[in-house]
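Here the structure comes first, spelled out in structure tokens, and everything after it is commentary.
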Amino acid sequence: MESPSEVKIFFWLGTCLMLLLAFGLLFFVMFYQRQFLKSKQLEAERLLKAILDSEKRERQRIAKDLHDGVQSDLRAISNYFLLLSRKIEEEQIQGLLKETQVALEDTIENTRLISYKLIPPLMETRGFAVTVHDYFERLSKSSGKIFALQEQNDEIVIPNSLGYELFRIIQEFSSNMLKYGSINECKLFFYENNNRIFLELVDDGVSFDFMACYLKSSGSGLQNIQSRLKAIKATLEQREIVSGNHFVIHLPYEI
């Protein structure tokens, strides 16, 4: 017959064993859940990247079709009208031909602008900073507002794949500024600090809370900004200022 001390020992050994099994089971469940969530997150990131890559390829295709096809055809038609206007002497028809040619030139310029917005050609040849500078010059001219890029280090190099997404983010922000913000001036600061790259976007327009608007927005603009930030593993910080808006994009350490 077992003594009370032996029973007590077996009891505590059994209790410890049960606790170890319970903790082991709990650890296994938590580990499985963590791996499952990690797997789902990686799958979501791969899906998002695939969607953005697909969008980029489609933009490239449409931009090429516009440049090589539509613009060339419109230019040929414009030249035909120019030849006709030189051969026809009737004043009424001359005026009609000139008006038609002006309309064609406007259409050519519009298709060139659409093609540029789809895929900025300078991105492949000159890089991110030059592309943004050119975009801001065009935007300032067309909108009558001031858009300026302020670089503190012109030696910063951003890969085109990352630069493309950043360019789309800046496009979305600037479109929102013009559509809803009633801005007069916008400045983009582009610099490096402690081996990390930052983009600061400051405007003097109507102040708004980005995250609050994003959570209740049904439009695609803010959704696109968040999706692209997530795709390049960047974060967005909104800083408080007296008037206007101040956003800071933190790029990952390794680029």
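What pairs come out if I take residues in the range 167-187 that are assigned by TED's automatic domain parsing to the domain that holds Asn224 and closer than 22 Å to Glu124 by Cα and pair them with residues that are of a type outside the set (Val, Ile, Thr) and assigned to a helix (DSSP H, G or I) whose C-beta lies under 6 Å away, six or more apart or interchain?
Within 6 Å, the pairs are Arg168/Arg228; Ile169/Arg228; Glu172/Gly221; Glu172/Asn224.
For the range 108-163, give me each residue that is β-branched (Val, Ile, Thr) and either within 25 Å of Ala231 (Cβ to Cβ) or modelled with pLDDT under 85 (or both). Reasoning before the result, please.
Initially, the range 108-163 is screened for residues β-branched (Val, Ile, Thr), giving 108, 111, 114, 119, 125, 130-132, 146, 156-158.
Of everything in the range 108-163, those that are β-branched (Val, Ile, Thr) and either within 25 Å of Ala231 (Cβ to Cβ) or modelled with pLDDT under 85 (or both) turn out to be Ile108, Thr111, Ile114, Ile119, Thr125, Val130, Thr131, Val132, Ile156, Val157, Ile158.
Hey, can you tell me all the residues within the range 221-255 that are free of Cβ contacts under 8 Å to residues at least 12 places away in the same chain and under 26 Å from Glu185 (Cβ atoms)? Give the steps one after another, and end with the answer.
Filtering the range 221-255 down to residues free of Cβ contacts under 8 Å to residues at least 12 places away in the same chain leaves 223, 239-240, 242, 254.
Residues satisfying the conditions are Arg239, Glu240, Val242.
Residues are listed down the side, and each one gets a yes or a no for (1) under 17 Å from Glu172 (Cβ atoms); (2) surrounded by 18 or more Cβ atoms within 10 Å (Cβ to Cβ); (3) of a type in the set (A, V, I, L, M):
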residue	(1), (2), (3)
Cys186	yes, yes, no
Gly205	yes, yes, no
Met211	yes, no, yes
Leu229	yes, yes, yes
Arg239	no, no, no
Val242	no, no, yes
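The values are calculated or read from the model by the stated rules, or taken from the named source; none is laboratory data. Here the structure is a predicted model, which means the values were calculated and not measured. Glycine also receives a Cβ, built like all others from the backbone with ideal geometry; neighbour counts cover every protein chain displayed.
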